[in-house]
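Just below is one structure, and these are the notes that go with it.
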Amino acid sequence: MYKAKAYSVTSATSPLASTTISRREPTENDVQIEILFCGICHSDLHTVRNEWSDLMPTSYPCVPGHEIVGRVNKVGPAVTKFKPGDLAAVGCLVDSDGTCPECQAGFEQFCPNQTLTFNSPDKHLGSVTYGGYSDSIVVDQRFVLRVPSNLNLAGAAPLLCAGITTYSPMHHWGVNKGKKVGVVGLAGLGHMAVKFAHALGAHVVVFTTSANKKEDALRLGAAEVVVSRNAPEMQKHAVSFDFILDAVSADHDINAYIQLLRRDGNVTIVGAPAKPFAVAGFGLLFGRRSLSGSLIGGIRETQEMLDFCGKHKITADIEVIPIQKVNEAHERLLKSDVKYRFSIDMASLKSE
Ligand SMILES: NC(=O)c1ccc[n+]([C@@H]2O[C@H](COP(=O)([O-])OP(=O)(O)OC[C@H]3O[C@@H](n4cnc5c(N)ncnc54)[C@H](OP(=O)(O)O)[C@@H]3O)[C@@H](O)[C@H]2O)c1
Ligand SMILES: [Zn+2]
Ligand SMILES: [Zn+2]
């Protein structure tokens, strides 16, 4: 074991603060990564504040962060995928059983024995896993991704959650040229969804509650922007969408989007507000529409997404912050005040 620097919270109401945590020395198949950048996902905030207490209660102290890019420091003797000095990335998963039908099919995100990057039982050290708000992390090579060398690292970090979470359902639902695609909520996940849908050739419409994001939405690749609180503007798009991705972090009316689907259209939820949705069944009956969910993506698909981003030069639009501003950043996320992802420069942790 060794000590790593990190930022943690000790309760649902306390701020993130500097601390030291224990990490394992790399074992046989492990890669030790010096973390250079870590994105801030709204899931960090849900977890820190224990907002998912019914499903995934938070164990304190909690070190969040699952959008990790860095450089390999050390590798275990059986590691073949990486060597010291390589760029490397880690997303929301750090382990799974590798043997269940989900793992065999490449869907580690649905493995019943998965280990999440933070707030999951730690098989090695016995407590819980600690995430990327830290100067290093040790991860089995199966869960370490390669970062295309042409991408800006601070902007690549958010691909590890916001990227794969939006890329995966678009592939599943066949987003491509000629499809009309809606994206609800323009921030971390939403802005990545716009970039992917645009790169795949779709006609993209952004739904936002923030009128001041209109110009950015167009710059990011949207063909049209709708301020979702404006009912007549919404009505103009009734019964017209093939696919809508909902990336909203707070309680809102999902029926308003179901109404916009054409026959056999689909709304996929990736946003994870704590409060259950109230869904009007009739909205689904008419037009044989469907409502579904999607959770990050498997390891194979995450690498495919990173390679796609390398090819199409896609990274997140980021505001780089030192770790000392992380509490302020969490507060700003709650006000939808981010353009469009915070990326923590982990060099700032050296002074703690
Ligand atoms: N399924 C998965 O695998 C997965 C992975 C990562 C994250 N998530 C979840 O996805 C959600 C979004 O994450 P994120 O990191 O993208 O969050 P974020 O950057 O904070 O963006 C959320 C956006 O939702 C919109 N919004 C906020 N409050 C709203 C309200 N009351 N009504 C309507 N719209 C509202 C805002 O967009 P506008 O300003 O444009 O309206 C806001 O910017 C979170 O719940 C997160 O936990 C899920
Ligand atoms: Zn996330
Ligand atoms: Zn499994």
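The values are calculated or read from the model by the stated rules, or taken from the named source; none is laboratory data. These numbers were taken from a predicted model, which means no experiment stands behind them. Note that each Cβ is placed from the backbone with ideal geometry, even for glycine, and that neighbours are counted across all protein chains shown. To get the accessible areas, we keep the full protein, side chains included, count just its heavy atoms, and leave off ligands, DNA and RNA. Shrake-Rupley method; radii C 1.70, N 1.55, O 1.52, S 1.80 Å.
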query = Can you spot a residue in region 90-98 that is more than 16 Å from ligand 2 (Cβ to nearest atom), surrounded by fewer than 19 Cβ atoms within 10 Å (Cβ to Cβ), within 17 Å of residue 114 (Cβ to Cβ) and of a type outside the set (A, V, I, L, M, F, W, C)?
reply = yes
note = From the option list 189, 153, single residue qualifying as closer than 15 Å to residue 40 by Cα, open to solvent by 10 Å² or more (accessible area, probe 1.4 Å) and within 15 Å of ligand 2 (Cβ to nearest atom) is 189
Some residue of region 73-83 being closer than 24 Å to residue 169 by Cβ and in contact with a Phe, Trp or Tyr (Cβ under 7 Å, 6 or more places away or on another chain) = no
inquiry  = Consider region 196-212. How many of its residues are part of a helix (DSSP H, G or I), of a type outside the set (A, V, I, L, M) and either surrounded by 24 or more Cβ atoms within 10 Å (Cβ to Cβ) or in contact with a Phe, Trp or Tyr (Cβ under 8 Å, 6 or more places away or on another chain) (or both)?
reply    = 1
query = Can you name every residue in region 116-135 that is away from ligand 1 (no atom under 15 Å from the Cβ), open to solvent by 10 Å² or more (accessible area, probe 1.4 Å) and not in a loop (DSSP other than H, G, I, E, B)?
reply = 121, 128
message = Just to check your reading of the model, which residue among 187, 157 is more than 25 Å from residue 251 (Cα to Cα), in contact (Cβ under 8 Å) with a residue 60 or more places away in the chain and either within 16 Å of ligand 1 (Cβ to nearest atom) or out of contact with any strand residue (DSSP E or B) (no Cβ under 9 Å at 6 or more places or on another chain) (or both)?
response = 157
note = Residue pairs within 6 Å by beta carbon, gap of at least six or interchain, first lying in region 276-298 and in contact (Cβ under 8 Å) with a residue 60 or more places away in the chain, second part of a loop (DSSP other than H, G, I, E, B), listed first then second, are 294/270; 296/92; 298/106; 298/107
